[in-house]
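Reading through the C-alpha coordinates given below for one structure.
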Amino acid sequence: RVGPSGFIEKGRQNLILQSNTFGTTWNPTNTSVTSGQGGYDGSTDAYKLQATATGSSTNSLSQDVTLTNIVTLSVFAKAGSNASGTQILRLSLNEEVTGSDPVQKDNSRAFFDLSDGSLASSGGNTIATNSESFGGGWFRLSVTVKIPSTNTVNKAIIFMGNGGTTIDDQTSGDFFFIQDFQAEAGIVATDVITTGATTATAG
(Lines give C-alpha, C1' and ligand atoms only; values in the text may rest on other atoms or scores of the structure.)
Protein backbone atom coordinates (compact mmCIF):
# COMPACT_ATOMS: atom_id res chain seq x y z
CA ARG A 1 0.00 0.00 0.00
CA VAL A 2 1.02 3.65 -0.32
CA GLY A 3 1.40 5.26 3.11
CA PRO A 4 0.72 8.86 4.10
CA SER A 5 4.35 9.71 3.36
CA GLY A 6 3.91 8.64 -0.25
CA PHE A 7 6.19 5.63 0.17
CA ILE A 8 5.12 2.05 -0.38
CA GLU A 9 4.63 0.31 2.98
CA LYS A 10 4.06 -3.30 3.88
CA GLY A 11 0.77 -3.88 5.68
CA ARG A 12 -0.03 -6.82 7.96
CA GLN A 13 -3.14 -9.00 7.87
CA ASN A 14 -4.51 -11.68 10.16
CA LEU A 15 -6.05 -14.26 7.82
CA ILE A 16 -7.95 -16.08 10.57
CA LEU A 17 -11.55 -15.10 11.34
CA GLN A 18 -12.74 -14.63 14.94
CA SER A 19 -9.13 -14.78 16.03
CA ASN A 20 -10.02 -14.59 19.72
CA THR A 21 -13.63 -15.76 19.67
CA PHE A 22 -13.04 -19.49 19.71
CA GLY A 23 -16.71 -20.32 20.21
CA THR A 24 -17.56 -18.87 16.78
CA THR A 25 -16.39 -19.97 13.30
CA TRP A 26 -13.97 -22.44 14.93
CA ASN A 27 -14.79 -26.16 14.75
CA PRO A 28 -14.21 -28.17 17.96
CA THR A 29 -13.59 -31.91 17.71
CA ASN A 30 -13.74 -33.83 20.99
CA THR A 31 -13.10 -30.54 22.78
CA SER A 32 -15.05 -27.69 24.36
CA VAL A 33 -14.13 -24.02 24.72
CA THR A 34 -14.96 -21.77 27.67
CA SER A 35 -14.49 -18.00 27.54
CA GLY A 36 -13.75 -15.55 30.34
CA GLN A 37 -10.40 -16.99 31.40
CA GLY A 38 -7.46 -14.91 32.64
CA GLY A 39 -5.18 -13.96 29.74
CA TYR A 40 -1.51 -13.19 29.19
CA ASP A 41 -2.35 -9.47 28.97
CA GLY A 42 -4.22 -9.21 32.28
CA SER A 43 -7.61 -9.43 30.57
CA THR A 44 -10.26 -12.13 30.88
CA ASP A 45 -10.19 -12.74 27.12
CA ALA A 46 -8.53 -16.16 27.16
CA TYR A 47 -10.31 -19.48 26.58
CA LYS A 48 -10.10 -22.89 28.20
CA LEU A 49 -9.69 -25.65 25.61
CA GLN A 50 -10.81 -28.90 27.22
CA ALA A 51 -10.84 -32.50 26.01
CA THR A 52 -14.26 -34.16 25.97
CA ALA A 53 -13.04 -37.61 24.90
CA THR A 54 -10.41 -40.00 26.28
CA GLY A 55 -7.77 -41.67 24.11
CA SER A 56 -8.72 -39.73 21.00
CA SER A 57 -6.24 -38.55 18.38
CA THR A 58 -8.57 -35.74 17.29
CA ASN A 59 -8.90 -33.52 20.38
CA SER A 60 -8.63 -30.29 18.45
CA LEU A 61 -9.95 -26.88 17.43
CA SER A 62 -9.79 -25.97 13.76
CA GLN A 63 -10.80 -23.37 11.21
CA ASP A 64 -11.12 -23.70 7.43
CA VAL A 65 -8.72 -21.28 5.75
CA THR A 66 -6.85 -20.92 2.46
CA LEU A 67 -3.17 -20.02 2.80
CA THR A 68 -0.33 -19.83 0.28
CA ASN A 69 3.42 -19.23 0.07
CA ILE A 70 5.14 -18.56 3.42
CA VAL A 71 2.85 -18.16 6.43
CA THR A 72 3.28 -18.01 10.20
CA LEU A 73 0.73 -19.38 12.66
CA SER A 74 0.86 -18.19 16.26
CA VAL A 75 -1.16 -18.53 19.43
CA PHE A 76 -0.73 -17.64 23.10
CA ALA A 77 -1.01 -20.69 25.35
CA LYS A 78 -0.71 -21.70 29.00
CA ALA A 79 -0.66 -25.14 30.60
CA GLY A 80 -3.72 -26.20 32.56
CA SER A 81 -4.54 -29.63 33.95
CA ASN A 82 -3.43 -32.94 32.48
CA ALA A 83 -4.15 -36.30 34.06
CA SER A 84 -1.59 -38.37 32.22
CA GLY A 85 1.66 -36.48 31.67
CA THR A 86 3.34 -33.70 29.73
CA GLN A 87 0.97 -31.29 28.07
CA ILE A 88 1.57 -30.72 24.36
CA LEU A 89 0.04 -28.14 22.04
CA ARG A 90 0.38 -28.87 18.33
CA LEU A 91 0.01 -26.14 15.70
CA SER A 92 -0.79 -27.74 12.36
CA LEU A 93 -1.77 -26.97 8.78
CA ASN A 94 -3.80 -29.53 6.84
CA GLU A 95 -2.37 -29.42 3.33
CA GLU A 96 -3.84 -31.22 0.32
CA VAL A 97 -1.38 -32.18 -2.41
CA THR A 98 -3.03 -31.21 -5.69
CA GLY A 99 -3.01 -33.71 -8.50
CA SER A 100 -2.97 -36.68 -6.13
CA ASP A 101 -5.48 -39.48 -6.49
CA PRO A 102 -6.53 -40.15 -3.82
CA VAL A 103 -5.73 -36.79 -2.24
CA GLN A 104 -2.58 -36.98 -0.12
CA LYS A 105 -2.11 -35.05 3.08
CA ASP A 106 1.11 -33.15 3.77
CA ASN A 107 0.55 -31.83 7.28
CA SER A 108 3.03 -29.26 8.54
CA ARG A 109 3.20 -29.13 12.33
CA ALA A 110 5.08 -28.14 15.46
CA PHE A 111 4.70 -29.70 18.92
CA PHE A 112 5.29 -27.44 21.94
CA ASP A 113 5.70 -28.51 25.57
CA LEU A 114 3.52 -26.16 27.62
CA SER A 115 5.53 -26.71 30.81
CA ASP A 116 8.30 -24.47 29.46
CA GLY A 117 7.27 -23.53 25.92
CA SER A 118 10.03 -25.63 24.37
CA LEU A 119 9.76 -27.28 20.97
CA ALA A 120 9.31 -31.05 21.17
CA SER A 121 9.42 -31.70 17.43
CA SER A 122 8.29 -30.39 14.05
CA GLY A 123 7.66 -31.77 10.58
CA GLY A 124 6.14 -31.35 7.16
CA ASN A 125 6.96 -28.08 5.41
CA THR A 126 7.90 -26.27 8.64
CA ILE A 127 10.89 -23.94 8.21
CA ALA A 128 10.96 -22.19 11.59
CA THR A 129 9.42 -22.24 15.07
CA ASN A 130 9.53 -19.84 17.98
CA SER A 131 8.45 -19.63 21.61
CA GLU A 132 8.37 -16.41 23.64
CA SER A 133 7.54 -16.24 27.34
CA PHE A 134 5.03 -13.62 28.47
CA GLY A 135 5.16 -14.51 32.18
CA GLY A 136 2.65 -16.26 34.39
CA GLY A 137 3.07 -19.50 32.44
CA TRP A 138 2.01 -17.91 29.13
CA PHE A 139 3.95 -18.43 25.90
CA ARG A 140 3.44 -17.16 22.39
CA LEU A 141 4.10 -20.17 20.17
CA SER A 142 4.59 -19.91 16.43
CA VAL A 143 5.38 -22.07 13.41
CA THR A 144 6.39 -20.83 9.97
CA VAL A 145 5.54 -22.98 6.96
CA LYS A 146 6.66 -22.72 3.34
CA ILE A 147 3.68 -24.10 1.46
CA PRO A 148 4.59 -25.71 -1.89
CA SER A 149 2.79 -24.35 -4.93
CA THR A 150 1.33 -27.83 -5.46
CA ASN A 151 -0.34 -27.83 -2.06
CA THR A 152 -3.66 -26.35 -0.99
CA VAL A 153 -4.10 -25.48 2.68
CA ASN A 154 -7.65 -26.01 3.88
CA LYS A 155 -7.42 -26.01 7.67
CA ALA A 156 -5.48 -24.50 10.57
CA ILE A 157 -5.60 -26.69 13.69
CA ILE A 158 -4.73 -26.57 17.40
CA PHE A 159 -4.33 -30.11 18.75
CA MET A 160 -4.22 -31.23 22.38
CA GLY A 161 -1.74 -33.98 23.20
CA ASN A 162 0.57 -35.72 25.67
CA GLY A 163 4.16 -36.82 25.32
CA GLY A 164 6.80 -35.55 22.94
CA THR A 165 5.18 -35.96 19.54
CA THR A 166 1.81 -37.63 20.03
CA ILE A 167 -1.67 -36.16 19.86
CA ASP A 168 -3.53 -39.05 21.48
CA ASP A 169 -4.02 -40.43 24.99
CA GLN A 170 -5.96 -37.43 26.19
CA THR A 171 -8.13 -37.92 29.25
CA SER A 172 -11.55 -36.31 29.15
CA GLY A 173 -11.35 -33.19 31.30
CA ASP A 174 -7.73 -32.32 30.44
CA PHE A 175 -7.41 -28.67 29.47
CA PHE A 176 -5.09 -25.78 28.68
CA PHE A 177 -5.63 -22.10 27.88
CA ILE A 178 -5.36 -20.27 24.55
CA GLN A 179 -5.67 -16.68 23.35
CA ASP A 180 -5.20 -14.63 20.16
CA PHE A 181 -4.63 -16.94 17.20
CA GLN A 182 -2.96 -15.39 14.16
CA ALA A 183 -2.14 -16.54 10.61
CA GLU A 184 -0.13 -14.11 8.53
CA ALA A 185 2.16 -13.89 5.53
CA GLY A 186 5.84 -13.80 6.40
CA ILE A 187 8.46 -15.52 8.51
CA VAL A 188 7.68 -14.11 11.98
CA ALA A 189 4.69 -13.59 14.24
CA THR A 190 3.98 -9.85 14.43
CA ASP A 191 1.90 -7.86 16.91
CA VAL A 192 -1.60 -9.21 17.49
CA ILE A 193 -4.32 -8.18 15.04
CA THR A 194 -7.76 -9.12 16.39
CA THR A 195 -10.34 -10.15 13.79
CA GLY A 196 -14.09 -10.66 13.78
CA ALA A 197 -16.32 -11.86 10.96
CA THR A 198 -13.75 -10.58 8.43
CA THR A 199 -9.96 -10.53 8.31
CA ALA A 200 -8.23 -7.46 9.71
CA THR A 201 -5.19 -5.43 8.72
CA ALA A 202 -2.73 -3.17 10.49
CA GLY A 203 0.17 -0.93 9.46
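The values are calculated or read from the model by the stated rules, or taken from the named source; none is laboratory data. What you are looking at is a predicted structure, and each value in this text was computed from that prediction instead of being measured. Cβ placement follows ideal geometry from the backbone for every residue including glycine, while neighbour counts extend to all protein chains displayed. All accessible areas refer to the heavy atoms of the entire protein, side chains included, with ligands and DNA or RNA removed. Shrake-Rupley method; radii C 1.70, N 1.55, O 1.52, S 1.80 Å.
Please work out the ratio of the alpha-carbon Rg of the chain to 2.2 N^0.38 Å and round it to two decimals. Please report the intermediate quantities before stating the final value.
Details: Rg = 16.7 Å, N = 203, 2.2 N^0.38 = 16.6 Å.
It is 1.01.
Please state the equivalent ellipsoid semi-axes for the stretch 45-156: what are the square roots of 5 times the Cα gyration tensor eigenvalues, largest first, in whole Å?
Values: eigenvalues 137, 56, 28 Å².
One finds semi-axes of 26, 17, 12 Å for the stretch 45-156.
In this simple spin-label approximation, THR199 and THR44 carry label points 7 Å from Cα along the Cα→Cβ vector, and these lie 3.4 nm apart.
Where does each of ILE187, ILE127 land when they are ordered by accessible area, with a 1.4 Å probe and the largest first? Working shown, then result.
Working: ILE187 115, ILE127 95 Å².
Result of the area sort, largest leading: ILE187, ILE127.
Relative to the globular-protein estimate of 2.2 N^0.38 Å, the Cα radius of gyration of the stretch 36-102 stands at 1.46. At the listed q of 0.18, 0.19, 0.21, 0.22 Å⁻¹, the Debye profile of the stretch 112-203, built from one uniform point per Cα, gives log10 I(q)/I(0) equal to -1.06, -1.17, -1.36, -1.44. When a 1.4 Å probe is rolled over the protein heavy atoms, the share of accessible surface on the chain that falls to carbon and sulfur comes to 48 percent. Scalar couplings 3J(HN,Hα) for the stretch 133-139, obtained by applying the Karplus form with A = 6.51, B = -1.76, C = 1.60 to θ = phi - 60°, are 7, 10, x, x, x, 8, 10 Hz; x denotes Gly and Pro. In terms of Cα atoms, the Rg and Dmax of the stretch 1-77 work out to 16.8, 57 Å.
Solvent exposure of the chain amounts to 44 Å² per residue of accessible area, where only protein heavy atoms count and the probe is 1.4 Å. Report the residues of the stretch 63-99 in range of a label on LYS105: point 7 Å along Cα→C-beta, backbone N strictly under 16 Å from it. Within reach of a label on LYS105, which here means backbone N under 16 Å from a point 7 Å along Cα→Cβ, the stretch 63-99 contributes 63-65, 90-98. Residues whose amide H lies under 5 Å from that of SER121, counting only those 5 or more places away or on a different chain, are PHE111; hydrogens are built 1.01 Å from N in the peptide plane. Couplings 3J(HN,Hα) for the stretch 34-40, derived from phi with the Karplus relation 6.51 cos²θ - 1.76 cosθ + 1.60 (θ = phi - 60°), are 10, 7, x, 8, x, x, 5 Hz, where x marks Gly and Pro. The HN-Hα couplings worked out from phi for the stretch 48-59 by the Karplus form 6.51 cos²θ - 1.76 cosθ + 1.60 (θ = phi - 60°) are 8, 9, 10, 6, 10, 9, 9, x, 9, 9, 10, 5 Hz, whole numbers, x standing for Gly and Pro.
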